[in-house]
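The values are calculated or read from the model by the stated rules, or taken from the named source; none is laboratory data. Fair warning: this is a prediction, and the values are worked out from it, not measured in the lab. Reconstructed Cβ throughout: ideal geometry from the backbone, glycine too, with neighbour counts over all protein chains shown.
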């Protein structure tokens, strides 16, 4: 949130970890609907939604959590696209709550008023998490007490996720009041907790091709988004703008 940054501009960032080939098809698209806000989104080519910002100052980033009960319904990758049709975090949450969700998803959001929230979802329930001292972090496991029993990730995966979230929380807390986009780049390049590093490299997990295929830092209120395609400790961030 703005209170935790150096310049009063709120930030939202994410390392997106998927199979390595996603880096070969990653694009940043400006989307101009007829009757909805303009969007700037990182997504795999051919996919219509992933993570991004709109021209109303709302940023919506998303990642994987898993539970039972997946079903026919509104696809999880579209939750962020739906949320970005709204102007505020509160309205975005209302929109996501209003559809028959097919599966689980985690959304972390920031709007132009400086309101931030995380929405953990299952197909039939959800929980909102709010910042502490202007900082909000999330990884790939359920955190809300009301949803802990829904967790279905393997124990090893949950341990990895908890280690990454703890590391991110620690790095951001140490930098509270001094955070800006450049400092966020440093945080998202961090590998100090290897093999549970924030920035995932080829070969980190034997037998897996999952890497940080892209890293994104947005200042939604300013219409700016920095994207590094590939692990950010090896690839530069490039700024994109909603003009």
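Within the stretch 20-32, if we keep just the residues that are in contact (Cβ under 8 Å) with a residue 24 or more places away in the chain and within 13 Å of residue 49 (Cα to Cα), the residue that is surrounded by the fewest Cβ atoms within 10 Å (Cβ to Cβ) turns out to be 30.
In the set (1) crowded, with 24+ Cβ neighbours inside 10 Å; (2) in contact with a helix residue (DSSP H, G or I) (Cβ under 6 Å, 6 or more places away or on another chain); (3) within 19 Å of residue 135 (Cβ to Cβ), residue 220 fails one condition alone, (2).
Kindly provide the set of residues from the stretch 89-114 that are assigned to a loop (DSSP other than H, G, I, E, B) and over 10 Å from residue 60 (Cα atoms), ordered by number.
98, 99, 100, 102, 103, 104, 112, 113, 114, listed by residue number.
Can you say whether residue 175 is at pLDDT 95 or above, touching a helix residue (DSSP H, G or I) at 6+ places or on another chain (Cβ under 8 Å) and surrounded by fewer than 21 Cβ atoms within 10 Å (Cβ to Cβ), as far as the supplied structure shows? Spelling it out, residue 175 is indeed at pLDDT 95 or above, touching a helix residue (DSSP H, G or I) at 6+ places or on another chain (Cβ under 8 Å) and surrounded by fewer than 21 Cβ atoms within 10 Å (Cβ to Cβ). So, of the residues in the stretch 142-168 that are touching a strand residue (DSSP E or B) at 6+ places or on another chain (Cβ under 7 Å) and surrounded by fewer than 19 Cβ atoms within 10 Å (Cβ to Cβ), which turns out to be farthest from residue 4 (Cα to Cα)? Among those residues, the one meeting the criterion is 146.
Among the residues of the stretch 178-189, those identified as buried (at least 19 other Cβ atoms within 10 Å of the Cβ) and in contact with a strand residue (DSSP E or B) (Cβ under 7 Å, 6 or more places away or on another chain) are 179, 181, 184, 188.
Taking residue 192 as the residue in question, decide whether it is under 21 Å from residue 172 (Cα atoms) and either out of contact with any strand residue (DSSP E or B) (no Cβ under 8 Å at 6 or more places or on another chain) or surrounded by fewer than 24 Cβ atoms within 10 Å (Cβ to Cβ) (or both). Considered against the rule, which asks whether it is under 21 Å from residue 172 (Cα atoms) and either out of contact with any strand residue (DSSP E or B) (no Cβ under 8 Å at 6 or more places or on another chain) or surrounded by fewer than 24 Cβ atoms within 10 Å (Cβ to Cβ) (or both), residue 192 comes out as yes.
Quick one: is residue 57 out of contact with any strand residue (DSSP E or B) (no Cβ under 7 Å at 6 or more places or on another chain), buried (at least 17 other Cβ atoms within 10 Å of the Cβ), at positive phi and outside any strand (DSSP E or B)? Taking the combined requirement at face value, the residue satisfies it.
Return the total of residues in the stretch 10-42 being out of contact with any helix residue (DSSP H, G or I) (no Cβ under 6 Å at 6 or more places or on another chain) and outside any strand (DSSP E or B).
Count: 13.
Candidates 40, 11, 78: the one that is surrounded by 22 or more Cβ atoms within 10 Å (Cβ to Cβ), within 27 Å of residue 230 (Cβ to Cβ) and over 13 Å from the mean Cα position of the chain (by Cα) is 40.
Picking from 167, 152, 191, 175, which residue would you name as being under 18 Å from the mean Cα position of the chain (by Cα) and on the phi < 0 side of the Ramachandran plot?
It is 167.
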